[in-house]
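These notes concern the structure reproduced below.
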Amino acid sequence: MAHTQTWSTAPAEALRAADGFRLAQVDPRSTPGYHGDKKSAEADLAATTARLGELQERLFAESTASPGTGSVLLVLQAMDTAGKGGIVRHVVGSVDPQGVELAAFKKPTPDELAHDFLWRIRRRLPAAGRIGVFDRSHYEDVLIGRVRALAPPEEIERRYGAILGFEREAADRGIRIVKVMLHISKDEQKARLAERLDRPDKHWKFAPGDLDERALWDEYMTAYEVAIQRTSTADAPWFVVPADRKWYARLAVAQLLVDALAGLDPQWPPADYDVAAERARLAAS
């Protein structure tokens, strides 16, 4: 897959969690595979999102003629303030919204808790021709579920296996799964939380509970590392994206999505009518 000259290594290669992955070895301020700066990244992001928009339109158009068209699922996981909302606005927001299905998973409702943890997730898998986005996901059940002991250890262990099976089934249905952990440093999170408290226009983004979760930072880092180690597969790889530099994270995720869509190779559907005849009718009208 071709990339802009500013990428020395494709993001899918530079960011993929390989065997023996260790989260502590990923510098949240680094820009793996990219040798440009913020200014060049702005130009590269514009070009990449333009390409993303074209591929998404082709995928959506193809699905109108072929029910078996594939789809892409972007799974976003991160600590608070890492930039999930910015990815949704600046990357996913660059494409036609009719081709996007966004699911922001919050605390389970009583009805959802009455079912297996994957029940509500299965219902939001993207339809053919769409880009699905999970803003948080089934991984909450092995992250906060583990850190806050919301389920016993044997249930957390079962969930890793259930996730592997679920994602394998989704991939078999033609869904390209792109799992992204936006990796922010503890210091950068502190600065972003302080900004939310300093600016009245950002007070709505702050929740006192954010500090409660921050107090468990090390436990969350361990939970993320274990989840990534246990569930990064060929069908559904994990990409750990350094997120202290927002411009890099947005560009990297945009390129990962472009590569996933290009892998599906969507084609414009052929006309199911006589183009020449319709052109003649139009000219005579």
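With the cut-off at 1.5 for a/c, could you classify segment 200-241 from its C-alpha gyration tensor as rounded, prolate or oblate?
Numbers: a/c = 4.62, a/b = 1.98, b/c = 2.33.
Oblate, since a/c reaches 1.5 and b/c is not below a/b.
Segment 61-78 and segment 156-190 have Cα centres separated by 17 Å. In the chain, the DSSP-assigned H stretches of four residues or longer account for a calculated mean residue ellipticity at 222 nm of -15000 deg cm²/dmol, using -39500 (n - 2.57) per stretch and the full residue count as denominator.
Peptide packing for 24-30, 126-132 was compared via the average number of neighbouring C-beta atoms within 10 Å per residue; ordered from the highest value, the list is 126-132, 24-30. Potential lengthening of the chain between R123 and A276 amounts to 50.8 nm, from the contour at 0.36 nm per residue minus the alpha-carbon distance.
For segment 1-158, what does the alpha-carbon gyration tensor say about shape, rounded, prolate or oblate, given a ≥ b ≥ c as the root eigenvalues, a/c under 1.5 as rounded, and a/b over b/c as prolate?
Values: a/c = 2.14, a/b = 1.23, b/c = 1.74.
Judged from the Cα gyration tensor, segment 1-158 comes out oblate (a/c at least 1.5, b/c at or above a/b).
How big is the charge dipole of the chain about its Cα centre, in debye rounded to the nearest 20, if each Lys and Arg gets +1 on its Cβ and each Asp and Glu gets -1 on its Cβ? Spell out each step's value before the answer.
On the way: 39 positive and 42 negative charges, 104 e Å.
Around 500 debye, computed over the chain.
Going by accessible area, probe 1.4 Å, with all protein chains left in place, what is the ranking of R250, R176, R281, largest first? Working shown, then result.
On the way: R250 50, R176 95, R281 155 Å².
Of R250, R176, R281, the descending order of accessible area is R281, R176, R250.
About its Cα centre, segment 1-149 has a charge dipole of approximately 360 debye under the convention of +1 per Lys or Arg Cβ and -1 per Asp or Glu Cβ, with nothing else charged.
Of the solvent-accessible surface of segment 189-285, computed with a 1.4 Å probe over protein heavy atoms with every protein chain present, carbon and sulfur atoms account for 54 percent. Since only T64, L76, G53 are under comparison, the one whose Cα sits farthest along the positive direction of the charge dipole of segment 42-88, derived from C-beta charges on Lys, Arg, Asp and Glu, is T64.
Count the lysine pairs in segment 74-197 whose Cα atoms sit under 17 Å apart, keeping only pairs 8 or more residues apart in sequence or on different chains. Can you show the working numbers first?
Numbers: K84/K106; K84/K179; K84/K186; K84/K190.
Lysine pairs meeting both conditions in segment 74-197 amount to 4.
Decide, for segment 130-264, between rounded, prolate and oblate: order the square roots of the alpha carbon gyration tensor eigenvalues as a ≥ b ≥ c, take rounded if a/c falls under 1.5, and otherwise choose prolate if a/b is larger than b/c, else oblate. Oblate shape, in that a/c is at least 1.5 and b/c is the bigger or equal ratio. H203 sits among other residues whose Cβ lies under 14 Å from its own Cβ, and their net charge, with Lys and Arg +1 and Asp and Glu -1, is +1.
The values are calculated or read from the model by the stated rules, or taken from the named source; none is laboratory data. Predicted, not measured: the structure shown is a model, and the values here were computed from it. Positions of Cβ are generated from backbone atoms using ideal geometry, with glycine treated the same way; all protein chains shown enter the neighbour counts. Calculation scope for accessible area: heavy atoms of the full protein, side chains included, ligands and nucleic acids excluded. Shrake-Rupley method; radii C 1.70, N 1.55, O 1.52, S 1.80 Å.
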